[in-house]
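The values are calculated or read from the model by the stated rules, or taken from the named source; none is laboratory data. Quick caveat: nothing in here was measured; it's all calculated off a predicted structure. Ideal geometry is used to build each Cβ from the backbone, glycine not excepted, and the neighbour counts take in all protein chains shown.
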Amino acid sequence: MNLKLRIWRQKNAKTAGQLVEIDAPEIPDECSFLEMLDIVNERLESKGEEPVAFDHDCREGICGMCSLVINGEPHGPNRATTTCQLHMRHFKDGETITVEPYRAEPFPVIRDLVVDRQAFDRIQQAGGYVSVRTGAAQDGNAIPIGKVVADKAMEAAACIGCGACVAACPNASAMLFVGARVSQFALLPQGQPERERRVIAMVETMDAEGFGNCSNHYECEAVCPAEIKADVIARLNREYNVAKLRQAVMA
Amino acid sequence: MSTLPDSKVPSGPLDSKWERHKNTSKLIAPNNRRKFEILVVGSGLAGASAAASLAELGYGVKCFCYQDSARRAHSIAAQGGINAAKNYQNDGDSVFRLFYDTIKGGDFRAREANVHRLAEVSGAIIDQCVAQGVPFAREYGGLLANRSFGGAQVSRTFYARGQTGQQLLLGAYSALNKEIAGGAVKMFPRSEMLDLVVVDGHARGIVVRDMVTGEISSHAGDAVLLCTGGYGNVFYLSTNAKGCNVTATWRAHKRGAFFANPCYTQIHPTCIPVSGDYQSKLTLMSESLRNDGRVWVPKDPPTAEKIRKGQMRPSDVPESERDYYLERKYPSYGNLAPRDISSRAAKEACDDGRGIAPTGLGVFLDFADSIRRFGQKTIEERYGNLFVMYQQITGQNGYETPMMIYPAVHYTMGGLWVDYNLMSNLPGLHVLGEANFSDHGANRLGASALMQGLADGYFVIPSTLPVYLAGISPGKVTIDHPEFKRVNEEVRARTSRLLSIQGKRTVDSFHRELGLLIWDKCGMARDKAGLESAIAKVPQIRAEFYENVRITGSGSELNQSLEKAGRVADFLEFGELMCRDALAREESCGGHFRSEYQTPDGEALRNDEQFAHVAAWEHTGEGSVPHRHEEQLAFEAVQLQTRSYK
């Protein structure tokens, strides 16, 4: 198929960027979106032009490193699909495709389509863990967890940390991401001792990093490649409110 | 020429070696630990678990990864599960059985004591991960669920849907995050190690490129831990992530570390077949699928041809005309025969002209029987995400039509040589996880990679690193040492050289050319003539690379072409060593199949008399033939026998 790309080029964080048109003729239908970009890049390089920088690694939908906003949608038009798993057969011959980086203040552009998502790591560092010393654990079967709860925790834990939820949200809210982690641990018995401390620390860090609040657009749920449901945001709010209330009462 | 150090396997009965080693090894007192700085390269299962556990003990740790976050290391893509000898199923499992299955699965080419230790700590890994909140699959009663994997007749594999690697890595990542927050670990994402600094024979630091600014910096430490994964991307197409590379271990090798058994590579039987030249990587689908999927091809080549041409549907092939070749050839293990054997059987079927993918290279993995027996819902619960992934990539629905699969490069058993303490022949340089050679012999069993990565990081290195640290004084060498300046200059010179070539071909074109050659000559089947031709050809590709590669941009910015070029330059050297190793090993064992050495019915023919050893290669200078050392493998607890899964 023959395509036209309108693609974001930006030298670095300090310079301004712009959309540049690049022709992409003779792209095989079977290739993935990133393989299409590989082809475009090899052609640019052969002409001595700089290739378009984009993040990617596992190319099987699990590492969360690929991003991109394709025709206005993070990870493109398909539901429950990362950019690396999006295939060109879903586009039409002759189509113009706009490719941009995630747009959110806490995710500054590093170059072209590459953004800095370290704010996510800092939120996890604030409390996204169960404190357990290596070697200090009891037998795995000493903590029975009903299948229903275990499955629910797994659904939340499936988050790949790609940041599409932030990119899709008009408020650049990270509450789907934070809610997923908070839910996983709030559901499990292992997460109970640090339950309140965790949610307060993670929410405060999220706010300090400049992410906005949820105002119920549900765009995050719609674009999430791991199909995290927005009810984790409801749980996040509940967990946070209860924790703050108990903190106030105990003070 | 150096000599190969002693493997430092403790004496005494096999099942008490590890306990005794721990009881008698030197310790570092808590108040002294903070004086030591440990450099951990890589943040996958091995790296993250090691960094977190060492920091928790009080050591100062710096951890480096090339991805934008520690959570993205390629361990995350492991699907099926992690083995542990818990015997929760009451099916007769034990530490000895896990040990025995692993050493047999490795075709008796691994070190007994290391493998036994791995089996011993396997149970504690599960406990640790459960305590971290890893959501393993559960039964309705709330207890942990298990499934079966290739090469075992017990159910000992723990799993979290088809995302076990992700969940285990997020567990280790969370432990790492706790230590980063506490200030015990300093994390360096988007940082690539480009060289090792050796001072007076000891590994004392690394040189790293900041992939955003291009800054090249030096870091000194009292020990260096390489947890940098395998070299599968030497084949260009593999199931590894695009960024996986051999640079860290290869650079260490060129600074003196021995590379062991580089010819041992694992070709995984259940991957999605290649569909075109544009293909950038191959996608694996968990081996656990073979629990419920049946592998077959048509009995006759003409039927296969009709399927290839789309003139016949797979469901139209009557039962009597199908060849369930794994069930036929290996009745006791059937579709769960180990990876090397299943892969070779698929290749044979396709070489017979019975392949069913449009390219001729593919076999069916059919779920129709299981769907009839258990219902689609149960199959969906077990493997739902894998069916989704298959459909995303191929556009086909695996519930309705059989999946097409073909073997692909997946894992590398070879790696830097290490002793029982996971230390290489260079004092201070320790190597963990897939990056070392130690536990899987010539073939790794499914669900054992996650086990090894976490065993090394959580439970082995915290006990064995002090053996080295107790003998040195901390902080002796700083980055002001002239050797740091020298290595730093060399790294800068290499980068400038790559940028100055300004030829006509892209980096990827060289990588593809190398990959095809290695796949052809050093892939699923190898022979003397092919390997010799590859050994002659690789240097020619390398020479052209240094004359004709074109890298745009500069070194002082984010430059993905430059990153790739550095990695491909190292693969172009490493590929040659791999072929040399395959040539020197005149036998077939595990994933290393030399066509000249096979039984009349086409099974691997080992030569225990001459090759029951580890080959450890020493770099002897540019343009000079590397030297092959041998570590004899002593088997005390198991008897070497022909591996049979019939």
Given the conditions (1) out of contact with any Asp or Glu (no Cβ under 6 Å at 6 or more places or on another chain); (2) closer than 30 Å to B:ARG486 by Cα; (3) surrounded by 23 or more Cβ atoms within 10 Å (Cβ to Cβ); (4) within 13 Å of another protein chain (Cβ to nearest Cβ), report the number of the one that B:ASP210 does not fulfil.
(3)
Going through segment A:203-227 in order, the residues found to be closer than 26 Å to A:GLY61 by Cα, among the aliphatic types (A, V, I, L, M) and crowded, with 20+ Cβ neighbours inside 10 Å are A:MET206, A:VAL223, A:ALA226
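Listed here are the residues, each with its yes/no results for (1) surrounded by fewer than 20 Cβ atoms within 10 Å (Cβ to Cβ); (2) touching a strand residue (DSSP E or B) at 6+ places or on another chain (Cβ under 7 Å); (3) of a type in the set (Phe, Trp, Tyr); (4) within 20 Å of A:ALA13 (Cβ to Cβ).
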| site | (1), (2), (3), (4) |
| --- | --- |
| A:SER67 | no, yes, no, yes |
| A:ARG89 | yes, no, no, no |
| A:ASP93 | yes, no, no, no |
| A:TYR102 | no, yes, yes, yes |
| A:GLU105 | yes, no, no, yes |
Flagged in segment B:598-609 as modelled with pLDDT of 95 or more and either loosely packed, with under 11 Cβ neighbours inside 10 Å or within 14 Å of B:ASP581 (Cα to Cα) (or both), in numbering order, are B:GLU609
Exclusive hit being over 30 Å from A:GLU194 (Cα atoms) and either in a helix (DSSP H, G or I) or more than 22 Å from the chain's Cα centre (by Cα) (or both), set B:ARG109, B:ARG117
B:ARG117
Pairs only if they're at least six apart or on different chains, beta carbon under 8 angstrom, first in segment B:143-155 and within 14 Å of another protein chain (Cβ to nearest Cβ) and without any contact (Cβ under 8 Å) to a residue 40 or more places away in the chain, second among the basic types (Lys, Arg) and surrounded by fewer than 24 Cβ atoms within 10 Å (Cβ to Cβ); list them, first residue then second.
B:ALA145/B:ARG138
Run B:VAL130 past the list (1) more than 24 Å from B:ASN443 (Cα to Cα); (2) away from chain A (no Cβ under 11 Å); (3) buried (at least 24 other Cβ atoms within 10 Å of the Cβ) and report the number of the one that doesn't hold.
(2)
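What do you reckon, is A:VAL132 within 11 Å of chain B (Cβ to nearest Cβ), outside any helix (DSSP H, G or I) and touching a Gly at 6+ places or on another chain (Cβ under 9 Å)? Lay out the reasoning, then the answer.
On the way: within 11 Å of chain B (Cβ to nearest Cβ): yes; outside any helix (DSSP H, G or I): yes; touching a Gly at 6+ places or on another chain (Cβ under 9 Å): yes.
Taking the combined requirement at face value, the residue satisfies it.
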Is it the case, given these coordinates, that B:SER463 is under 23 Å from the mean Cα position of the chain (by Cα), closer than 20 Å to B:LEU226 by Cα and among the hydroxyl-bearing types (Ser, Thr, Tyr)?
no
When you go through (1) in contact with a strand residue (DSSP E or B) (Cβ under 8 Å, 6 or more places away or on another chain); (2) within 12 Å of another protein chain (Cβ to nearest Cβ); (3) among the polar types (S, T, N, Q) one by one for A:GLN18, which number turns out not to apply?
(2)
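Before we move on, is B:VAL297 surrounded by 19 or more Cβ atoms within 10 Å (Cβ to Cβ), at pLDDT 95 or above, touching a Lys or Arg at 6+ places or on another chain (Cβ under 8 Å) and aliphatic (A, V, I, L, M)?
On the way: surrounded by 19 or more Cβ atoms within 10 Å (Cβ to Cβ): yes; at pLDDT 95 or above: yes; touching a Lys or Arg at 6+ places or on another chain (Cβ under 8 Å): yes; aliphatic (A, V, I, L, M): yes.
Yes, satisfied.
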When the residues of segment A:135-158 are narrowed to those that are more than 8 Å from chain B (Cβ to nearest Cβ) and of a type in the set (Val, Ile, Thr), which ends up surrounded by the most Cβ atoms within 10 Å (Cβ to Cβ)?
A:VAL149
Answer residue from segment A:83-100, given it is among the hydrophobic types (A, V, I, L, M, F, W, C) and within 13 Å of chain B (Cβ to nearest Cβ) and is farthest from the chain's Cα centre (by Cα) among those
A:MET88
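Would you list the helices (runs of 4 or more DSSP H) that sit entirely within segment B:444-513 and hold 3 or more residues that are modelled with pLDDT of 95 or more and surrounded by fewer than 16 Cβ atoms within 10 Å (Cβ to Cβ)? I'd like the intermediate steps shown before the answer.
Working: elements: B:449-454, B:461-469, B:482-501.
Fully inside segment B:444-513 and qualifying: B:482-501.
Name the residue that is nearest to B:ILE267 (Cα to Cα), counting only residues in segment B:320-369 that are among the acidic types (Asp, Glu) and out of contact with any His (no Cβ under 9 Å at 6 or more places or on another chain). Step through it out loud before you land on a result.
As a first pass, look at segment B:320-369 and keep what is among the acidic types (Asp, Glu): B:321, B:323, B:327, B:340, B:348, B:351-352, B:366, B:369.
Filter once more, so that each one left must be out of contact with any His (no Cβ under 9 Å at 6 or more places or on another chain): B:321, B:323, B:327, B:348, B:351-352, B:366, B:369.
Working: B:GLU321: 28, B:ASP323: 22, B:GLU327: 20, B:GLU348: 14, B:ASP351: 16, B:ASP352: 19, B:ASP366: 20, B:ASP369: 27 Å.
If we take residues in segment B:320-369 being among the acidic types (Asp, Glu) and out of contact with any His (no Cβ under 9 Å at 6 or more places or on another chain), then B:GLU348 is nearest to B:ILE267 (Cα to Cα).
When the residues of segment A:42-77 are narrowed to those that are small (Gly, Ala, Ser) and more than 7 Å from chain B (Cβ to nearest Cβ), which ends up nearest to A:CYS162 (Cα to Cα)? Show your work before the answer.
Here is the first cut: in segment A:42-77, the residues small (Gly, Ala, Ser) are A:46, A:48, A:53, A:61, A:64, A:67, A:72, A:76.
Subset that is more than 7 Å from chain B (Cβ to nearest Cβ): A:67, A:72, A:76.
Values: A:SER67: 7, A:GLY72: 16, A:GLY76: 13 Å.
The extreme case among them is A:SER67.
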What number of residues within segment B:186-206 are more than 24 Å from the chain's Cα centre (by Cα) and either within 14 Å of chain A (Cβ to nearest Cβ) or outside any strand (DSSP E or B) (or both)?
3
Might you let me know whether segment B:495-512 holds any residue that is within 30 Å of the chain's Cα centre (by Cα), more than 14 Å from chain A (Cβ to nearest Cβ) and closer than 21 Å to B:GLU192 by Cα?
yes
I'm checking my understanding of the structure. Among residues of segment B:81-105 that are without any contact (Cβ under 8 Å) to a residue 60 or more places away in the chain and surrounded by fewer than 22 Cβ atoms within 10 Å (Cβ to Cβ), which one is farthest from B:ALA447 (Cα to Cα)?
B:ASN90
For segment B:233-242, check the following and say yes or no: at least one residue is touching a Phe, Trp or Tyr at 6+ places or on another chain (Cβ under 6 Å) and at positive phi.
no
Given the structure, is A:GLU30 more than 23 Å from B:MET211 (Cβ to Cβ), out of contact with any helix residue (DSSP H, G or I) (no Cβ under 6 Å at 6 or more places or on another chain) and more than 8 Å from chain B (Cβ to nearest Cβ)?
no
Out of all the residues in segment B:548-559, is one or more under 24 Å from B:ARG512 (Cα atoms) and not in a loop (DSSP other than H, G, I, E, B)?
yes
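Can A:CYS159 be described as closer than 19 Å to B:ARG71 by Cα, outside any helix (DSSP H, G or I) and touching a residue at least 40 places away in the same chain (Cβ under 8 Å)? Write out each step before concluding.
Details: closer than 19 Å to B:ARG71 by Cα: yes; outside any helix (DSSP H, G or I): yes; touching a residue at least 40 places away in the same chain (Cβ under 8 Å): yes.
Here the answer is yes, as A:CYS159 does meet what is asked.
Look at segment B:349-383 and say how many of its residues are without any contact (Cβ under 8 Å) to a residue 24 or more places away in the chain and farther than 24 Å from B:PRO302 by Cβ. I'd like the intermediate steps shown before the answer.
Here is the first cut: in segment B:349-383, the residues without any contact (Cβ under 8 Å) to a residue 24 or more places away in the chain are B:351, B:372-373, B:375-378, B:380-381.
When the remaining residues are screened for being farther than 24 Å from B:PRO302 by Cβ, the result is B:372-373, B:375-378, B:380-381.
Matching residues across segment B:349-383 total 8.
Whether any residue in segment B:207-214 is assigned to a strand (DSSP E or B) and acidic (Asp, Glu) is what I want to check. Lay out the reasoning, then the answer.
First, the residues of segment B:207-214 that are assigned to a strand (DSSP E or B): B:207-210.
Within this subset, residues satisfying the condition of being acidic (Asp, Glu) are B:210.
Yes.
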In segment B:37-65, how many residues are touching an Asp or Glu at 6+ places or on another chain (Cβ under 8 Å), within 20 Å of B:ALA470 (Cβ to Cβ) and either modelled with pLDDT under 95 or surrounded by fewer than 24 Cβ atoms within 10 Å (Cβ to Cβ) (or both)?
3
Residue pairs meeting the criteria (Cβ under 6 Å; at least 6 apart or on separate chains; first in the same structural domain as B:VAL274 (by TED's automatic domain parsing) and in a helix (DSSP H, G or I), in segment B:384-404; second among the hydrophobic types (A, V, I, L, M, F, W, C) and buried (at least 20 other Cβ atoms within 10 Å of the Cβ)):
B:LEU386/B:MET285; B:TYR390/B:MET403; B:ILE393/B:ILE272
